[in-house]
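Asker: Take this structure first; my questions come after.
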Amino acid sequence: MSLHRGKIVIPIIFGEEMIPAEALPESIATLVEKQAAFVREAYLERDLEPVLSEVQRLLMDSSSAHVTPPTNSKRLPYPRPPMKYPPAPISEEELELVVTEELPKWDIAKGPVIGKPGLTGVELHRDLVFNRFKDAITFMSIVADFVDKANHHPRWENIYKTVSIHLTTWDIQHRISNLDLMVAYYIDKSYEEFLKRGSDEMR
């Protein structure tokens, strides 16, 4: 009903990946096209932080749209409580644990701080290899839709059949946040599905 009426829906996945569209009733199949939040029991508070911040933003936007200022005053911005952004950086110990247990194909590496030559930050890095150059480009296009919705973009490059991906959070001095983990997890699942189903089916 909410989807039919155009209401905002945020799927939250707890310990599982998003259900395939074909496994859902037609009325809610479009849920798979929306950004899902990756929630882990061990890091519940941290993982829910982006979701709660987004809900808070949407509620404030909705409220401000219905506020009518006094006719004899200048239009004032609707007061908003401070957002929990930028996200908190993940500690070295927690990052090591998460990468080892949940993102074993990613490396913790040093990367350049854009616009500040000589400075380095922390990033997650993974190389993805495809059968054809065309497949590599198609995969980047698929992932681009998700990262645009998440508003968290990787630094990446394509060299022939390989896509090299680097994730870090600029707003916290190029350290790793939960946003990087969410995008890395999505990329892993999408890559597995892409290799399994093929580029033509995934479009």
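Where a number appears in this text, it was derived from the coordinates with a stated rule and is not lab data. Just so it is clear, the structure is predicted and the values come from calculations on it, not from any experiment. Methodologically, a virtual Cβ is constructed for each residue, glycine included, from the backbone with ideal geometry; neighbour enumeration extends over all protein chains shown.
Asker: Taking the Cβ of each residue in 124, 97 as the centre, tally the other Cβ atoms inside 10 Å and list the residues starting with the fewest. It would help to have the intermediate numbers written out before the result.
Answerer: Values: 124 24, 97 14.
Fewest to most other Cβ atoms nearby, the residues stand as 97, 124.
Asker: Take 166, 174 and order them by how many other Cβ atoms sit within 10 Å, fewest up front.
Answerer: Values: 166 17, 174 20.
So the ranking, lowest neighbour count to highest, is 166, 174.
Asker: Pull out a ≥ b ≥ c, the square roots of the eigenvalues of the alpha-carbon gyration tensor of the stretch 87-203, then state rounded if a/c is under 1.5, prolate if not and a/b is larger than b/c, and oblate in the remaining case. List each step's numbers first, then the result.
Answerer: Details: a/c = 1.93, a/b = 1.60, b/c = 1.21.
Here the stretch 87-203 falls in the prolate category.
Asker: May I ask you to sort 141, 177 by Cβ crowding, counting other Cβ atoms within 10 Å and putting the fewest first?
Answerer: Details: 141 12, 177 23.
Listed from fewest to most nearby Cβ atoms, that is 141, 177.
Asker: If packing is taken as the average number of other Cβ atoms within 10 Å across a peptide's residues, how do 144-155, 178-189 rank, most packed first?
Answerer: Details: 144-155: 15.2, 178-189: 21.5.
In descending order of packing, they fall as 178-189, 144-155.
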